[in-house]
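**Q** Sharing a structure, written as structure tokens. Questions coming.
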Amino acid sequence: MLILRCSDRLDEVGLGYTCMVGVRSLRHMTTPAMVDAMTAVGVPTKQVNRVGFYNILSSLSIPRSALRGDADYAAR
């Protein structure tokens, strides 16, 4: 698991997006409290640009269509 922060504009969700990702899973982190809670239990946070964000999604087998304002994506 990894918390990704992208301050660039993403085509699907606009400017500034934070989510927790894993292999074939993505969960939009909608509040700072959510990020703080996961950081407290040891989930690392990475700040990436737009290109890096899309590359990480691709490497984790997460489709760009999973990006939404209320994303809670998991594929099996």
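The values are calculated or read from the model by the stated rules, or taken from the named source; none is laboratory data. Because the structure is a prediction, the values reported are computed rather than measured. Quick note on the areas: whole protein, heavy atoms, side chains included, nothing else; ligands and nucleic acids left out. Shrake-Rupley method; radii C 1.70, N 1.55, O 1.52, S 1.80 Å.
**Q** Can you send over the solvent-accessible area of residue 45, 1.4 Å probe, protein chains only, in Å² to the nearest 10?
**A** 60 Å²
**Q** Over the alpha carbons of the chain, what is the largest minus smallest coordinate on each principal axis, giving the biggest first in Å?
**A** 29, 29, 20
**Q** So for the chain, averaging the separation of alpha carbon pairs under 8 Å that are six or more residues apart and normalising by length, what relative contact order in percent results?
**A** Values: 125 pairs, mean separation 30.2, N = 76.
Relative CO of the chain lands at 40 percent.
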